[in-house]
Amino acid sequence: MTKNRVVRLKNRPVGLVTRDDFEIGDEELPELHDGQILVKSQFISLDPAMRGWLNDSKSYVEPVAIGDVMRSYSAGIVEASRHPKFSVGDAVTGMFGVQQYAIVDGREALRVDASQAPLERWIGGLGMPGMTAYFGLLDIGTPIEGETLVVSAASGAVGSIVGQIGKNMGLRVVGIAGGPEKCSYIVDELGFDAAIDYKADNLNEALKEHCPDGVDIYFENVGGDITDTVFNHMNLGGRVPVCGMISVYNATKAPPGLRNVRSILVNRLRVQGFIIFDFAKRYGEAVKALGQWHADGKLTMREDVRDGGVDAFPDVLNMLYSGENNGKLILRL
Ligand SMILES: NC(=O)c1ccc[n+]([C@@H]2O[C@H](COP(=O)([O-])OP(=O)(O)OC[C@H]3O[C@@H](n4cnc5c(N)ncnc54)[C@H](OP(=O)(O)O)[C@@H]3O)[C@@H](O)[C@H]2O)c1
């Protein structure tokens with residue numbers, strides 16, 4: 001009988017997750033029923049939102065219940081199938097959870113072409129983070145050629161794609177990232193026009209220098225002080241796709257709110273939150289466009305793949321909040 005190594009939520013974390021917040025152990029795999037597939041996961045996606053899924057508060061999805069398998073996007077290979085559309089050996093992605101094996105309804109899995117790109121990329125730039133960048137920038141940011149785009153967490157899974165799509169759309173693109181390595185990566189390798197190291201530079205002065213015509217689109221990934229400062233530079237009619245606010249995901253008391261609301265008023269900003277699920281009916285469109293840019297050499301994607309199996313999940317997740325990841329953070333099983 002195949003053993004499954006599984007990560008279940010034991011108690012709700014306070015601040016950063018710890019190993020003690022999870023029960024990690026071996027379990028028997030149940031039998032496969034009609035319509036189901038057995039997937040052996042090879043890669044688990046680490047996403048900043050995972051921390052929010054552990055809080056018992058109103059959100060866009062139900063929290064992970066105590067005792068449930070930790071929710072995650074994963075990529076793997078079908079090992080057994082009782083679904084007519086899947087065969088053994090198919091590469092698939094889906095919300096398979098932080099576990100070695102998953103038995104899921106075939107309707108919950110998406111077949112991907114592992115000959116077009118490495119399997120892990122289908123949970124990165126060609127998967128959920130890439131699609132988030134695509135819809136967030138194009139639909140919510142509504143870019144016009146020649147405008148200036150500022151994106152935070154700019155070297156990460158979502159931000160790096162946002163900036164490159166921005167360049168493909170003819171925008172001036174300025175990225176905000178932590179540290180010299182990430183800043184040179186986005187300019188030298190991804191083609192951003194400028195980078196600002198928010199840990200070393202004076203953000204306000206740097207925005208003045210690198211955005212001489214002001215900011216038309218601010219793609220928001222981090223929240224906190226960075227947002228207030230960028231709002232000082234927004235142009236009339238600017239757009240702010242609110243994608244995430246990683247700086248507050250581990251807060252143990254209510255973080256200070258946005259102070260620069262005045263900028264929304266005087267500049268008539270459109271500040272709009274979105275969740276990738278809002279675009280579920282159009283995922284195919286995004287995957288096609290991202291795949292084409294990627295094939296044409298107009299979209300570079302970088303994964304940061306860590307080893308350690310499911311047991312390493314809590315420690316690897318925390319790398320997102322310390323900025324230790326360089327690109328899309330993935331756990332290899
Ligand atoms: N709306 C949606 O549907 C959706 C979907 C996917 C992701 N998101 C959001 O998109 C954002 C980026 O996610 P991702 O998956 O692409 O992660 P990522 O950018 O690959 O990794 C997270 C990065 O955030 C930065 N960061 C961490 N703490 C920070 C802080 N206190 N202040 C400023 N920057 C900080 C770090 O980069 P530095 O070293 O540069 O600080 C870190 O590497 C997150 O807010 C996430 O929740 C939203």
*asked:* Quick check: residue separation of LYS3 and ASN318 times 0.36 nm, minus the Cα distance between them. What number comes out in nm?
replied: 110.7 nm
*Mind giving me the FRET efficiency for ASP188 and LYS10? R0 is 30 Å, r the Cβ-Cβ distance, nearest 0.05 is fine.*
0.10
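How much of the accessible area of the range 212-327, probe 1.4 Å, is carbon plus sulfur, in whole percent?
Ligands and nucleic acids excluded, carbon and sulfur reach 52 percent.
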*Equivalent ellipsoid semi-axes, the chain, via Cα gyration tensor eigenvalues times 5, rooted, Å*: 35, 22, 17
*Starting from the Cα of LYS3, draw a straight line to each of the lysines and keep only those under 28 Å, dropping any in the same chain fewer than 8 residues away.*
LYS40, LYS85
*Mind telling me which of MET169, MET70, MET234 comes out most flexible in a GNM of the chain, alpha-carbon contacts under 10 Å?*
MET169
_With a 10 Å cut-off between alpha carbons and a GNM built on the chain, which of VAL88, VAL150, VAL69 moves the most?_
VAL88
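Just the number please: accessible area per residue for the range 128-277, 1.4 Å probe, all protein chains included, in Å².
41
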*Cross-link partners among lysines for LYS208, C-alpha distance below 25 Å, same-chain residues fewer than 8 apart left out?*
LYS167, LYS182, LYS199
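Can you tell me, using C-alpha contacts under 8 Å and at least 6 residues apart, the relative contact order of the chain as a whole percent?
18
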*Accessible area of the range 42-117 divided out per residue, in Å², using a probe of 1.4 angstrom*: 47
*Among the GluC sites (Glu not before Pro) within the range 113-164, which fall in a DSSP loop and have no more than 15 other Cβ atoms within 10 Å of their own Cβ?*
GLU145
_Given points 7 Å out from each Cα along the Cα-Cβ axis, report the ASN204 to ILE66 separation in nanometres with one decimal._
4.6
*So, with a 1.4 angstrom probe, what is the percent of accessible area on the range 161-204 that is carbon and sulfur?*
45
*Counting helices only, and only those DSSP H runs with n ≥ 4, report the 222 nm mean residue ellipticity of the chain as the sum of -39,500 (n - 2.57) divided by its residues, in deg cm²/dmol to the nearest 500.*
-6000 deg cm²/dmol
*Once the piece of chain linking GLU108 and THR18 is laid out straight, how much longer is it, given 0.36 nm per residue of separation minus the C-alpha distance between them?*
29.5 nm
*Ignoring ligands, DNA and RNA, what percent of the accessible area of the range 1-160 is carbon or sulfur (1.4 Å)?*
49
_Compute the distance from the alpha-carbon center of the range 166-201 to that of the range 48-77, in whole Å._
31
*What does the charge dipole of the chain about its Cα centre add up to, to the nearest 20 debye, if the Cβ of each Lys and Arg holds +1 and the Cβ of each Asp and Glu holds -1?*
580
*Express in whole angstrom the spacing between the alpha-carbon centres of the range 254-280 and the range 112-137.*
26
*State the antiparallel share, in %, of DSSP beta bridges confined to the chain, rounding to the nearest 5.*
55
*Have a look at ILE161, ILE37, ILE275 and tell me which one the Gaussian network model of the chain (Cα, springs below 10 Å) gives the largest fluctuation.*
ILE275
*Given a Förster distance of 51 angstrom, what is the FRET efficiency for HIS33 paired with GLU145, based on the Cβ-Cβ distance and rounded to 0.05?*
0.45
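The values are calculated or read from the model by the stated rules, or taken from the named source; none is laboratory data. No experiment lies behind these values; they were computed from the predicted model shown. Neighbour counts are summed over all protein chains in view; Cβ atoms, including those assigned to glycine, are modelled from backbone coordinates with ideal geometry. Accessible surface is based on the protein model in full, side chains and every heavy atom, while ligands, DNA and RNA are left aside. Shrake-Rupley method; radii C 1.70, N 1.55, O 1.52, S 1.80 Å.
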